[in-house]
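Enquirer: After the structure tokens below, expect a handful of questions from me.
The values are calculated or read from the model by the stated rules, or taken from the named source; none is laboratory data. Quick caveat: nothing in here was measured; it's all calculated off a predicted structure. Here the Cβ is made from the backbone with ideal geometry for all residues, glycine too, and neighbour counts use every protein chain on show.
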Amino acid sequence: MEKKRNSFGGSLGFVLAAAGSAVGLGNIWRFPYLAAKDGGGLFIVIYIILALTFGFTLLSTEVAIGRRTKQSPLTAYSKIKKGWNFLGVFSCLVPMLIMPYYSAIGGWLLKYFTVFVTGQGTAAANDNYFTSFITSTTEPIVFHVIFFAAVAFIIYRGVNKGIESLSKVLMPALLVMVIGIAIFSVTIKHTDASGATRTGLQGLKVLFIPSFKGLTVKGFFTVLMDAMGQLFFSISVAMGIMITYGSYVADDANLDKSVRQIEFFDTAVALLAGVMIVPAVFVFMGKEGMEASGPSLMFVSLPKVFAQMGFVGNIVGTVFFMMVIFAALTSAISILEAVVSSFMDAFGWSRNKALLIEGLIALFGGIIVCLGYNKFYFELKLPTGSTGQILDVLDYISNSALMPIVAISTCILIGWFAGPQTVIDEVQKTGIKMSRKLMFVVIIKFLAPVLLLVLFLKSIGVLTII
Ligand code: PHE
């Protein structure tokens, strides 16, 4: 007997869950940094154009594959076209590799939240604070386990009662918090020791006013590649997630509209994160403050900014880390669900059995990631030139190698083997017209594979001229 497949209760639930996946650490610790680095408005304009074209194409494709096959990634691709099973395996492997370290970082966020909520924010502004925390043996593991337990609990509750209900609460709350901090951030001003006064509004200019000074063709290409890489990571494609969520969408839902709403939400939060972070960092640390991204922006630079705010710093820091936890939690549940759902579809396991097995892998994997900063410490030179620990290695394999391969193969499968009509028919099934159809075909067949290939060669260190 075939069991009834889980499904979202409505389009709003789907949009918020998918937006929850899309809005994650990338929006907060990478988008603002790239925008500040790549000439402000120029990066933003290119990013928005890419989102409306490439983003729309890739996202529509994955959601449509999911809804058409009613399968999660491990089995979906071969249902689209026989012989493409390998693609399913790859795209299920990506979230399996990401889950352990995403949860370890979720633990770091929990730790910082507890620091700020107990009013000890200034301690976190200390230069060695972050390093001494991640190199300690037990604390990072404890926080990782707590974070992962929360994620696993939501997945245990299922698609409706877990993912959908949580997203409906957390996503609006996240939006309110980002807007609140963003408004605060543009209103601050500070005079530093040298007597120079900087205001939030000046910081806003760094973010939005395009700077073409010294822009070369090569420089333009860097901006384009940065924007493409960021977009690609930000909309959560090439890791099976949008296929999984798409497979839970009702047959009569308007996919075209939902895809536009998800992208709008993701881009809006990225821009708001820019308004929240760039002016605050600029006011207290000047333009050089924005030179850090990723963990060092979030766990080293920002605590220093909060400390400079004095008493309110603890409050702003608390709200900030709570907001980031919401963003990370909704992304983490999407990662875990992609794997659990894949195991259920491919092996006929129950939700609980699939969760138990993947849960153990992620839990122990995460512990190993945490130990990568002490017991298992090593310095590995990555093809990108930077050195890394276990976390960076997992990140490199999944993001720089496997994800581009999955994305390129998906474009080739849909563009050349199954045909773009597969996606168009699925979107138009309910009688609505798919928007930007011609553009979709041109991008999926030609432009996306080429641009993604360049991105791939760049990220594995083969292409070094750009
Ligand atoms: N899209 C998320 C972001 O922008 C990242 C993410 C990665 C989400 C992996 C799910 C899985 O941060």
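For every residue, the table says whether it meets (1) among the hydrophobic types (A, V, I, L, M, F, W, C); (2) buried (at least 17 other Cβ atoms within 10 Å of the Cβ).
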| site | (1), (2) |
| --- | --- |
| Ser103 | no, yes |
| Thr137 | no, no |
| Pro140 | no, yes |
| Met177 | yes, yes |
| Gly180 | no, no |
| Ala193 | yes, no |
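Enquirer: With respect to the numbered conditions (1) modelled with pLDDT of 95 or more; (2) over 18 Å from Val259 (Cα atoms); (3) within 24 Å of the chain's Cα centre (by Cα); (4) not aliphatic (A, V, I, L, M), which one is the sole condition not fulfilled by Phe417?
Expert: Of everything listed in (1) modelled with pLDDT of 95 or more; (2) over 18 Å from Val259 (Cα atoms); (3) within 24 Å of the chain's Cα centre (by Cα); (4) not aliphatic (A, V, I, L, M), Phe417 misses just condition (3).
Enquirer: From the set of residues in the range 379-416 that are assigned to a helix (DSSP H, G or I) and small (Gly, Ala, Ser), which is surrounded by the most Cβ atoms within 10 Å (Cβ to Cβ)?
Expert: Ala407
Enquirer: Here is a follow-up. Which condition from (1) more than 16 Å from the ligand (Cβ to nearest atom); (2) buried (at least 21 other Cβ atoms within 10 Å of the Cβ); (3) over 30 Å from Cys411 (Cα atoms); (4) at pLDDT 95 or above is the one that Thr199 breaks?
Expert: It fails just one condition, (2).
Enquirer: Out of the range 211-247, which residues are out of contact with any Leu (no Cβ under 6 Å at 6 or more places or on another chain), within 16 Å of the ligand (Cβ to nearest atom) and not in a helix (DSSP H, G or I)?
Expert: Selection gives Ser236, Ala238, Met239, Gly240.
Enquirer: Would you mind telling me which numbered condition in (1) within 16 Å of the ligand (Cβ to nearest atom); (2) out of contact with any Asp or Glu (no Cβ under 8 Å at 6 or more places or on another chain) Ser7 fails?
Expert: All conditions are met except number (1).
Enquirer: Further question: Take Ser342 and decide whether it is part of a helix (DSSP H, G or I) and away from the ligand (no atom under 16 Å from the Cβ).
Expert: Answer is no for this residue.
Enquirer: Filter the range 298-313 for residues that are crowded, with 18+ Cβ neighbours inside 10 Å and within 24 Å of Thr197 (Cβ to Cβ) and give the result.
Expert: Scanning the range 298-313 gives Ser301, Leu302, Pro303, Lys304, Val305, Phe306, Ala307, Met309, Gly313.
Enquirer: If you check every pair at least six apart or on different chains, which have Cβ atoms under 9 Å apart with a residue in the range 102-119 that is closer than 11 Å to Gly366 by Cβ first and a residue that is within 16 Å of the ligand (Cβ to nearest atom) and not in a helix (DSSP H, G or I) second?
Expert: Matching pairs, first to second residue: Tyr102/Gly24.
Enquirer: Being among the aliphatic types (A, V, I, L, M), part of a loop (DSSP other than H, G, I, E, B) and farther than 27 Å from Leu59 by Cα, is that true of even one residue in the range 443-464?
Expert: Scanning the range 443-464 turns up at least one residue that is among the aliphatic types (A, V, I, L, M), part of a loop (DSSP other than H, G, I, E, B) and farther than 27 Å from Leu59 by Cα.
Enquirer: Out of the range 248-267, which residues are among the hydrophobic types (A, V, I, L, M, F, W, C), touching a residue at least 24 places away in the same chain (Cβ under 8 Å) and within 16 Å of the ligand (Cβ to nearest atom)?
Expert: Val259, Ile262, Phe265
Enquirer: When only residues in the range 139-193 that are of a type in the set (A, V, I, L, M, F, W, C) and without any contact (Cβ under 8 Å) to a residue 12 or more places away in the chain count, which is nearest to Gly203 (Cα to Cα)?
Expert: Per the stated criteria, the residue is Ile183.
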